[in-house]
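Below: the structure, in structure tokens.
The values are calculated or read from the model by the stated rules, or taken from the named source; none is laboratory data. Quick caveat, the model's predicted, so the values are computed rather than measured. As a convention, Cβ positions derive from the backbone with ideal geometry for all residues, glycine included, and neighbour counts pool all protein chains shown. Side chains are part of the model used for accessible areas, which takes the heavy atoms of the whole protein and leaves out ligands, DNA and RNA. Shrake-Rupley method; radii C 1.70, N 1.55, O 1.52, S 1.80 Å.
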Amino acid sequence: MSLPHCTVVDHPLVQHKLTLMREKDTSTYSFRALLREIAHLLAYEVTRELPVADVTIETPLTTMQAPKLDGKKLALISILRAGNGLLDGVMDLIPSARVGFVGLYRDPETLEPVQYYFKVPDLLDQRMVIAVDPMLATGNSSAAAIDLLKQAGATNIRFLCLLAAPEGIARMKEAHPDVPIVTAAVDSHLNDHGYIVPGLGDAGDRLYGTK
Ligand code: URA
């Protein structure tokens, strides 16, 4: 069964932890720990379609055919910098994953995303690729990051976030209808500054204690 274009993980543990993260007085330490915990639960959902193949093993009682992950190791791609908060949690669950980083900034004149860093694992065309960024807001930088991953050869991509705005989901659907999105919630709208409302504020600042 393939993932729909957008999956909202409405598990009570995810929703409870997300509510704690949204509260403005939650400390940097707690915010970071909660994001890592939620990442474990979201990773479970976004990796649902990882290929498995039966191998022969010996249990203490008998020989059996049992499933193991098959194919090339998956590639996790963090969209800097807030992506690193989700990345840490996903790596806890999939410690042998290959890891890449994409850095983009918004050109103040053209407002277009500009790449400042790009380093990804080889053979992306043979791996499941999971791009991670906690906030899917306008979707412009996410769509640009996926463009870069496709240029690097990726064909089997998922996008994992914590919170999405309807505008960002629509932008991704238009630019990359082949990329399923997994998120913990879809909020109401974007404000004039491109922040998700009600949201949780600036995920990078809250994660790293900057302002
Ligand atoms: N990025 C954030 O960190 N927060 C938002 O609300 C939108 C984009």
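Here region 154-180 is the region considered, the condition is being away from the ligand (no atom under 16 Å from the Cβ) and β-branched (Val, Ile, Thr), and the residue that is farthest from the chain's Cα centre (by Cα) is 155.
Residues checked against (1) within 13 Å of residue 161 (Cα to Cα); (2) open to solvent by less than 80 Å² (accessible area, probe 1.4 Å):
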residue: 24; (1), (2): no, no
residue: 31; (1), (2): no, yes
residue: 38; (1), (2): yes, yes
residue: 46; (1), (2): yes, yes
residue: 58; (1), (2): no, no
residue: 82; (1), (2): yes, yes
residue: 90; (1), (2): yes, yes
residue: 95; (1), (2): no, no
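Determine whether residue 45 is in contact (Cβ under 8 Å) with a residue 60 or more places away in the chain, more than 15 Å from the ligand (Cβ to nearest atom) and assigned to a loop (DSSP other than H, G, I, E, B). Considered against the rule, which asks whether it is in contact (Cβ under 8 Å) with a residue 60 or more places away in the chain, more than 15 Å from the ligand (Cβ to nearest atom) and assigned to a loop (DSSP other than H, G, I, E, B), residue 45 comes out as no. Reported count of residues in region 181-198, each being near the ligand (Cβ under 6 Å from one of its atoms) and closer than 29 Å to residue 49 by Cβ, is 1.
Of the listed requirements (1) in contact with a helix residue (DSSP H, G or I) (Cβ under 9 Å, 6 or more places away or on another chain); (2) within 14 Å of the ligand (Cβ to nearest atom); (3) under 26 Å from residue 36 (Cβ atoms); (4) touching a residue at least 24 places away in the same chain (Cβ under 8 Å), residue 124 misses just one: (2). So, residue 205, is that one more than 25 Å from residue 73 (Cβ to Cβ), modelled with pLDDT of 95 or more and within 13 Å of the ligand (Cβ to nearest atom) or not? When the stated conditions are applied, residue 205 passes them.
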